[in-house]
Amino acid sequence: MPELPEVETIARGLQRSVAGDVIESVWIGKKPEPLKSPAQQIARTLEGSRISSVRRVGKHLVFDLQRTPGKKERKQDAGRAQWIVHLGMTGQVLIATPASAIPPHTHLIATLGSGRELRFVDPRRFGRLQVRSDAGFQTSGREPLEVDLELFSSLFRGRNTPIKSALLNQKLLAGIGNIYADESLFRAAIRPRRRAASLTRAELARLYRAVRQVLAEAITAGGSSVSDYVNADGEAGMFQFAHRVYGREAEPCVTCGTPIKRVVIAGRSSHWCAKCQK
DNA sequence: ACTATTTCCTGGATGC
DNA sequence: TGCATCCAGGAAATAG
C-alpha cells in the first residue's frame with residue numbers, strides 16, 4: 001500500500017530517471033478508467049510536455065510539466081502544468097522499455113523522448129489520475145515531516161475521534177496510511193482507540209517523534225512491500241521486515257512478548273500491544 | 001461542524 | 001478440485 005514513504009521512494013526514482021525527458025505520446029485504456037480528469041484532457045496535457053520534476057505531495061505523485069506557453073494563460077503559469085497520480089491501493093508507475101510485456105490492468109502508457117515508457121498499472125483501480133493547467137496542486141493536510149510539534153499538536157485539539165482515525169485523516173496530516181499509523185502509535189506507546197483530544201502534551205510529543213522517526217526510517221528502507229508495492233524500477237522495499245505491529249496479529253510483541261492484538265477502527269484493522277500501549 | 005459508515009474494486013486466501 | 005465467500009484499505013460519498 002503506497003503511503004508517504006513508498007510514494008517518496010517512487011518520486012525520487014522518477015526524478016532521477018525521467019526528469020528532463022519529454023512525453024511524446026500517450027495511450028489511455030478504454031474501460032471505466034481511474035481518472036479524475038477526462039482522458040482527452042490528460043492526453044492533451046501530457047503530450048509534448050517536458051517533465052521538469054517529479055515529487056511527492058502527501059500520497060500523491062506530482063509531475064511538474066513545462067509546455068509551449070499558450071496565449072490565454074496567466075503569466076506565472078505560462079506553459080506550466082501538472083500531472084497528479086494517486087496510487088490508491090495497488091497503483092504502480094513503472095519505467096519500462098517498449099519491448100517489455102505490458103502487464104494486465106495497464107491504464108496509461110506515456111512514450112518518452114528517450115525511447116522509454118512510463119506506465120500506470122492498477123489492478124483494483126483505486127488510483128486516480130488528474131491534470132492541471134497550472135502549478136498549483138496542494139493538499140489541505142500538512143506534511144508530517146515539515147510541521148513542528150506545536151502545529152502537530154494543534155491538529156488533534158478538540159477532536160473526539162480515535163487517534164488512529166485522526167492519523168489517517170488526510171485533511172490533518174497528508175501521507176500517513178494504515179501501516180505507519182499503527183507503527184507510530186506503537187512507538188509512541190499510545191492505544192489506537194484513545195480519543196485524539198485526550199492525549200497529554202507528553203504523549204503528543206512522543207507521537208510527533210514516533211511519526212517522524214517511522215517515516216524517515218521507512219524512506220531509508222525504500223518503503224514497505226506488503227502487497228503490490230514496488231518502486232519505479234520495479235524493486236520491492238525492505239521496511240516490511242521492520243514492522244513491529246502491522247500485520248503481526250497474535251505474534252509476540254517485540255518489547256514484552258504479549259501477543260499483538262488486532263481490532264477494527266473506522267473500518268481499518270489496527271494492530272497494537274495491550275501491555276505496551278496505554 | 002464533526003464523526004461514523006458505506007462504497008468502490010479485484011487478486012489471493014480460505015472454507016466446504 | 002472447484003466454486004463461493006471473505007478480506008485487504010484510501011478516500012469520496014452518504015448517513016447520522
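Laboratory data are not the source of any read-out in this text; all were calculated from the coordinates shown. The model shown is predicted, which means the values in this text are computed figures rather than measured ones. Every residue, glycine as well, gets a Cβ built from its backbone with ideal geometry; the counts of neighbours run over all protein chains shown.
Just one of the listed residues (A:263, A:226) is among the aliphatic types (A, V, I, L, M) and over 30 Å from residue A:118 (Cα atoms), and it is A:263.
Mind checking which residues of region A:255-273 are touching a residue at least 60 places away in the same chain (Cβ under 8 Å) and farther than 23 Å from residue A:217 by Cβ?
A:263, A:265, A:266
State whether the residues of region A:249-267 include one that is assigned to a helix (DSSP H, G or I), exposed (fewer than 14 other Cβ atoms within 10 Å of the Cβ) and over 15 Å from the mean Cα position of the chain (by Cα).
Checked against the condition, which is being assigned to a helix (DSSP H, G or I), exposed (fewer than 14 other Cβ atoms within 10 Å of the Cβ) and over 15 Å from the mean Cα position of the chain (by Cα), region A:249-267 yields no hits at all.
Just one of the numbered conditions (1) in contact with a Pro (Cβ under 7 Å, 6 or more places away or on another chain); (2) of a type outside the set (Lys, Arg); (3) farther than 18 Å from residue A:90 by Cα is not true of residue A:223: (3).
Selection of region A:122-173 for residues being away from DNA strand C (no atom under 15 Å from the Cβ) and among the β-branched types (Val, Ile, Thr) yields A:131, A:147. Each residue in region A:1-37 was checked for being part of a strand (DSSP E or B) and either of a type in the set (Val, Ile, Thr) or free of Cβ contacts under 8 Å to residues at least 60 places away in the same chain (or both), and 4 of them qualify. When restricted to residues that are farther than 15 Å from residue A:268 by Cα and either in a loop (DSSP other than H, G, I, E, B) or under 24 Å from the mean Cα position of the chain (by Cα) (or both), region A:176-204 contains 11. Screening the candidates A:118, A:46, A:61, A:87 for the property of being surrounded by 22 or more Cβ atoms within 10 Å (Cβ to Cβ), aliphatic (A, V, I, L, M) and within 16 Å of DNA strand B (Cβ to nearest atom) yields one hit, A:87.
For (1) within 16 Å of DNA strand B (Cβ to nearest atom); (2) in contact with an Asp or Glu (Cβ under 6 Å, 6 or more places away or on another chain); (3) without any contact (Cβ under 8 Å) to a residue 24 or more places away in the chain; (4) among the charged types (D, E, K, R), each residue gets a yes or a no:
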residue	(1), (2), (3), (4)
A:224	no, no, no, no
A:231	no, no, no, no
A:234	yes, no, no, no
A:237	no, no, no, no
A:253	no, no, yes, no
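Count of region A:118-152 residues, restricted to those that are part of a loop (DSSP other than H, G, I, E, B) and in contact (Cβ under 8 Å) with a residue 60 or more places away in the chain, is 15. Of all the numbered requirements in (1) assigned to a helix (DSSP H, G or I); (2) closer than 22 Å to residue A:90 by Cβ, residue A:216 misses one, and that requirement is (2).
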